[in-house]
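Undergrad: Just passing along the structure, written as structure tokens.
Readers should treat all values here as calculations from the given coordinates under stated rules, not as data from a laboratory. Quick caveat: nothing in here was measured; it's all calculated off a predicted structure. So basically every Cβ, Gly included, is an ideal-geometry build from the backbone, and we count neighbours across all protein chains shown.
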Amino acid sequence: MPSVVLETSLAAGQLPPGLAAKLCSAAAAILGKPEERVSVTVRPGLPMVLAGSAEPCAQLFVSSIGVVGSAEQNRGHSARFFDFLTAELGLGAERILIRFYPLEPWQIGKDRTVVTFL
């Protein structure tokens, strides 16, 4: 059950149409998870400073069970997410930050229980 949150200082009108759906498809492919299990939130127009600069920027938070728990895994994921984000947002890689959060099944609630019991 990957969860992907994109926060950006870009205004909503500056984002490409269908960005959330495209990010959902890309995340599913990058993480090797079914698209039906991926949740995506896009938060545009935020006041943000990255590396001491208020120039347009973005940060991506990626959390999932079993696929973001090592440097080796995240190195590959990072490259593919950066390729997607630089192309879709028109930002340089230096204006994007990605954070990976490994989760355990008991940390995700779904259908009135936690994933451990599903």
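Undergrad: Output the direction-averaged projected area (hull surface divided by four) of the convex hull of the alpha-carbon atoms of the range 37-116, in nm².
TA: Across all orientations, the range 37-116 yields a mean hull projection of 6.5 nm².
Undergrad: How far, in degrees from 0 to 90, does helix 19-31 lean away from the longest principal axis of the Cα atoms of the chain, to the nearest 10?
TA: Rounded to the nearest ten degrees, it is 50.
Undergrad: All other residues with a Cβ under 15 Å from the Cβ of residue 92 taken together, and with Lys, Arg as +1 and Asp, Glu as -1, what is their net charge?
TA: -3
Undergrad: Moving on to the next point. Can you list residues whose amide H is under 5 Å from residue 98's amide H, if they're 5+ apart or on another chain and H is modeled 1.01 Å from N?
TA: 60
Undergrad: If you don't mind, there's one more thing I want to ask. Dipole magnitude of the chain about its Cα centre, charges +1 at Lys/Arg Cβ and -1 at Asp/Glu Cβ only, in debye to the nearest 20?
TA: 160 debye
Undergrad: Using +1 at the C-beta of Lys and Arg and -1 at the C-beta of Asp and Glu, which of 26, 48, 10 has the Cα lying farthest in the positive direction of the dipole of the range 1-56?
TA: Projecting each Cα onto the dipole axis, the largest value belongs to 26.
Undergrad: Let me have the relative contact order for the chain, percent, based on Cα pairs under 8 Å that are six or more residues apart.
TA: This gives 30 percent for the chain.
Undergrad: Right, here's the next one. For the range 1-75, rounded, prolate or oblate, judged on the Cα gyration tensor with a ≥ b ≥ c (square roots of eigenvalues), a/c < 1.5 rounded, else prolate if a/b > b/c?
TA: Oblate, since a/c reaches 1.5 and b/c is not below a/b.
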